Each structure stands twice: as C-alpha cells, then as structure tokens.
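The structure under discussion appears below in the form of structure tokens.
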Amino acid sequence: MHFTSEQRLDDGVIEREFTLGEIPGILWTPASASASAPVPLILLGHPPLGLRKMHPRLAGRARQAVADGFAAATIELPGSGDRPRWAAAEQARADLRRAMEAGEPVGDEIIDALVLPLVEKSVPEWQAALDALLSLPEIGGPVGYSGGVISIGVRLAVVEPRIVAAALFAGSFVPRAILEEARQVTIPLHVLLQWDDEGNNRQAALDLFDAFGSKEKTLHANMGGHTGVPQFAGDAAAQFFTRHLK
C-alpha cells in the first residue's frame, strides 16, 4: 500500500489516497487514531461509477463513520474510474441500457454478465485491501462492510471471516447464483431498501433478504427513489455498526 496524498478535513478527519498495485483507494481515519488506540474499520462499497464521481457521497458516509469512532476505506472497482477499461463490463452495461430503454425485461443472461464477473474480480481485491489496511497500526478489528454492489457484499460476507457485520444497499441486480450464496450468510445484516428505486427489482431485493441465513437481519425500507435515502435511515445503519463493531 502506497499513500499518494493526505489532507486533514475540517472535522478532524484524515483523508488519505492510496494505491494497492494498480488499484486506487481512499482511507479516512480519526486524527486521534494511533497504535495505542486502533479503531475498527468499515469498508465502503459503491456502484461502478468511479471514485471521483462517487467521492462526495463516499466522503459523507466516511465522515459519519469517523465521527462514530471508526476508520473507513474504499477502493476503485475493476473497469471503473482511472482503471483500465474492461470491454466485457462495458458490453454488459450497453446490453442493460438497450433492454431498459426498449422497456424489455432484464433477463438472467444480462444480469449474470453484468454482475458475476465484477464479483469475481473485485472480491479478491477487497480482501487484499483489507490485508493492507489491517496492517496499519491505527486500524484494528472488527471489520464491517457497508453499501453496494449488494452482490459483492454477499460474496464478501460468505468468504471473508474478518467481516463480522454488513449494512447492504439493495439497489442493484442480483444473479440467481448470488441468491443461493445468500443462504450461507450468517453475520448480522442491516439491509436498506428504497421502495421506489427506479433501477431496482423490488421483489428480487425482498427475495434476497428472505434468503439470507443470518439469525439477525433487519430490512429498513423507505419510500422514495435510489438517491432519496432519508437521513434517519443512515443514522440507523450507523447505530447498527456501533452495536456490532464496538
């Protein structure tokens, strides 16, 4: 892990950009974090729109996490932002746009091509980032995962034992294979669903929630579209992490 920039934000948050091989990322930590008082970590998931575009929203979530006594970190997804173009992913996105613009149902073939390769490529990268982040003296366990793409969160919850709780955002397509994997998830879950999300299949999100094998799982559904998440919903997710990471 190589840090490329550092700035202290006005609320006592240290924001550092880093690279892990070819993967860019951002780490936010409390200015008070130290080797003698390491803080838990929340990994911030996001859609494949690029870190530069997503930065304002990610930084807002990170500042909330730091205010609650955590570190927060994110990485650029494959084929996004400044990373090399990924022809297969761009073709899958084009097929999705065509289907939606034509008013056609989005079939399993398109969903699988869009989501499964992204999961396969990105999950090992998240794990490598977690290795590097947990080697820093100011960061300790436990670890939580927050956000989307929800299929990435499901796979991480299954394969990564260092993640002990997850707040997942239901707002992306879910392949049938991921629905089956969800039955293996046993960590506490807080699932956020925007009821009128124009890009989300509500029934698929409900089916996924039903499939999770966790004994503790909460569905927090609110009226409104994808970007209309109310502040109190974010507060509930923050309370969830405080309960399970501290």
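Assuming charge only on the beta carbon of Lys and Arg (+1) and of Asp and Glu (-1), the dipole of region 108-242 about its Cα centre is about 320 debye to the nearest 20.
Measuring nothing but protein heavy atoms, the accessible surface of the chain at 1.4 Å probe radius is 53 percent carbon and sulfur. The radius of gyration of the Cα set in region 141-199, together with its Dmax, comes out at 11.3, 36 angstrom. Using only side-chain charges placed at the Cβ, +1 for Lys and Arg and -1 for Asp and Glu, the dipole size of the chain relative to its Cα centre rounds to 380 debye.
Do any GluC sites (Glu not before Pro) in region 42-132 lie in a loop, going by DSSP, with at most 10 other beta-carbon atoms within 10 Å of their beta carbon, and if so which?
Taking region 42-132 and a limit of 10 other Cβ atoms within 10 Å, no loop GluC sites (Glu not before Pro) are found.
Amide H to amide H distances under 5 Å link Ile139 with Val39, where only residues 5 or more positions off or on other chains count and H is placed in the peptide plane. Note on the chain: GNM, Cα springs under 10 Å; of Ala204, Ala37, Ala62, the largest mean-square fluctuation is that of Ala37. What are the membrane-span-like helices in the chain by this rule: whole DSSP H runs, Cα extent along the axis at least 15 Å, mean Kyte-Doolittle hydropathy at least -1.0? Passing helices, by number: 51-67, 87-101, 108-134, 231-245. Placing +1 on the Cβ of every Lys and Arg and -1 on the Cβ of every Asp and Glu, with nothing else charged, gives region 5-89 a dipole about its Cα centre of roughly 260 debye. Subtracting the Cα-Cα distance of Ser32 and His2 from 0.36 nm times their residue separation leaves 8.7 nm of extension gain.
Among 2-8, 48-54, sorting by the average number of other beta carbon atoms lying within 10 angstrom of each residue, highest first, gives 48-54, 2-8.
Using alpha carbons only, what's the Rg to Rh ratio of the chain with Rh from Kirkwood? Could the numbers behind the result be given before it?
On the way: Rg = 17.4 Å, Rh = 18.3 Å.
That ratio is 0.95, to two decimals.
Looking at the chain, the accessible area is 46 square angstrom per residue; that uses a 1.4 Å probe and ignores ligands, DNA and RNA.
Here the alpha carbons of region 1-91 define both size measures, Rg and Dmax, at 13.9, 49 Å. Using the average count of surrounding beta-carbon atoms within 10 Å as a protection proxy, the listed peptides 229-237, 136-144 rank, highest first, as 136-144, 229-237. With the charge dipole of the chain set up from +1 on Lys and Arg Cβ and -1 on Asp and Glu Cβ about the Cα centre, the Cα lying farthest toward the positive end among the listed residues Pro105, Ser146, Phe169 is that of Ser146.
The convex hull built on the alpha-carbon positions of region 44-161 has an orientation-averaged projected area of 8.3 nm². Once backbone amide H atoms are built at 1.01 Å from N, Ser172 has Ile150 as its partners under 5 Å, excluding neighbours fewer than 5 places away on the same chain. Sparse packing (at most 14 other Cβ atoms within 10 Å of the Cβ) combined with a DSSP loop state is found for the following GluC sites (Glu not before Pro) in region 163-214: Glu198.
Largest first and in whole Å, the equivalent-ellipsoid semi-axes of region 118-218 read 24, 14, 13, each the square root of five times a Cα gyration tensor eigenvalue.
Over the chain, calculate the relative contact order: mean separation of alpha carbon pairs under 8 Å at least 6 apart, over the residue count, as a percent.
16 percent
Among the trypsin sites (Lys or Arg not before Pro) in region 65-143, those located in a DSSP loop and surrounded by at most 11 other Cβ atoms within 10 Å of their own Cβ are Arg85.
The values are calculated or read from the model by the stated rules, or taken from the named source; none is laboratory data. What you see is a predicted model, and the numbers here were worked out from it, not measured in a lab. FYI the Cβ positions are ideal-geometry reconstructions off the backbone, even for glycines, and counts take in every protein chain you see. Surface areas here come from the heavy atoms of the whole protein model, side chains and all, with no ligands, DNA or RNA. Shrake-Rupley method; radii C 1.70, N 1.55, O 1.52, S 1.80 Å.
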